[in-house]
Amino acid sequence: MRLHIIALALVVGHGAFAQKTAPSGEKTVKLKVPPLPPSTEDYLVAQLADARWMAAEKLDAKVPAGAEVALIGADPMSTGTTTYVRTKPGYHLPLHWHTHHEYATMIAGKGTYVVDGKKIASVPGTFVIAPSRAKHEFTCDGAAECVFIIRRSGPTDYNWVAAK
């Protein structure tokens, strides 16, 4: 019983301390910090049906319209993200490279990856690694949209290769 009283006193005392206002003349600053994404190093479940999609061109203005991304989580140490990516049929992501590795698993649709000049026919279940600085591009073939899970080993960047 005594332990409960002590614990209650500590909680009430802490709450009272936290409610103190700033001394007169001082301003309280409130910062809006975006929430951290879920950690890919902890237990995590993602459902495609629950994805919150946003236009991919918000990540880089040079990404052509027609692709969307939805964050699944991020590695807290490397800040590499894991995302869903969805493209419209006929979509083409031009030749580019990233500083960090990209791991892509196609989960819907049909398309063609080109990694360092090698064409890879992609269907659900295809897994492609584009190593750091490997030039790659993707085209969504057929009449259906293409959907991927993409994991990056570090921060996302796009380095576009000029068309010849």
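Here are the numbers for this structure:
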quantity: Every residue from the range 5-58 that is part of a loop (DSSP other than H, G, I, E, B), β-branched (Val, Ile, Thr) and modelled with pLDDT under 85; calculated: 21, 28, 29, 33
quantity: Output for the range 104-129, where each listed residue is under 22 Å from residue 65 (Cα atoms) and either part of a strand (DSSP E or B) or at pLDDT below 95 (or both); calculated: 104, 105, 106, 107, 108, 110, 111, 112, 113, 114, 115, 122
quantity: The one condition in (1) under 24 Å from residue 134 (Cα atoms); (2) of a type outside the set (Lys, Arg); (3) out of contact with any helix residue (DSSP H, G or I) (no Cβ under 7 Å at 6 or more places or on another chain); (4) open to solvent by 70 Å² or more (accessible area, probe 1.4 Å) that residue 87 fails to fulfil; calculated: (4)
quantity: Residue match in the range 110-118 (condition: of a type in the set (Asp, Glu), surrounded by fewer than 16 Cβ atoms within 10 Å (Cβ to Cβ) and touching a strand residue (DSSP E or B) at 6+ places or on another chain (Cβ under 8 Å)); calculated: yes
quantity: Restricting the range 59-77 to residues that are part of a loop (DSSP other than H, G, I, E, B) and among the aliphatic types (A, V, I, L, M), the residue that is least open to solvent (accessible area, probe 1.4 Å); calculated: 63
quantity: Near pairs, Cβ below 8 angstrom, 6+ apart or cross-chain, from the range 131-158 (closer than 24 Å to residue 73 by Cβ and open to solvent by 20 Å² or more (accessible area, probe 1.4 Å)) to any residue that is among the aliphatic types (A, V, I, L, M) and outside any strand (DSSP E or B); calculated: 156/59; 158/59; 158/63
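Here's the yes/no breakdown for (1) of a type in the set (S, T, N, Q); (2) within 21 Å of the chain's Cα centre (by Cα):
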{"position": "75", "(1), (2)": "no, yes"}
{"position": "84", "(1), (2)": "no, yes"}
{"position": "87", "(1), (2)": "yes, yes"}
{"position": "90", "(1), (2)": "no, no"}
{"position": "93", "(1), (2)": "no, yes"}
{"position": "116", "(1), (2)": "no, no"}
{"position": "119", "(1), (2)": "no, no"}
{"position": "125", "(1), (2)": "no, yes"}
{"position": "143", "(1), (2)": "no, no"}
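The values are calculated or read from the model by the stated rules, or taken from the named source; none is laboratory data. All values derive from a computational prediction rather than experimental measurement. Quick reminder, even Gly has a Cβ in these numbers, built from the backbone with ideal geometry, and neighbours come from all protein chains shown. The accessibility values were calculated without ligands, DNA or RNA, using every heavy atom of the protein model including side chains. Shrake-Rupley method; radii C 1.70, N 1.55, O 1.52, S 1.80 Å.
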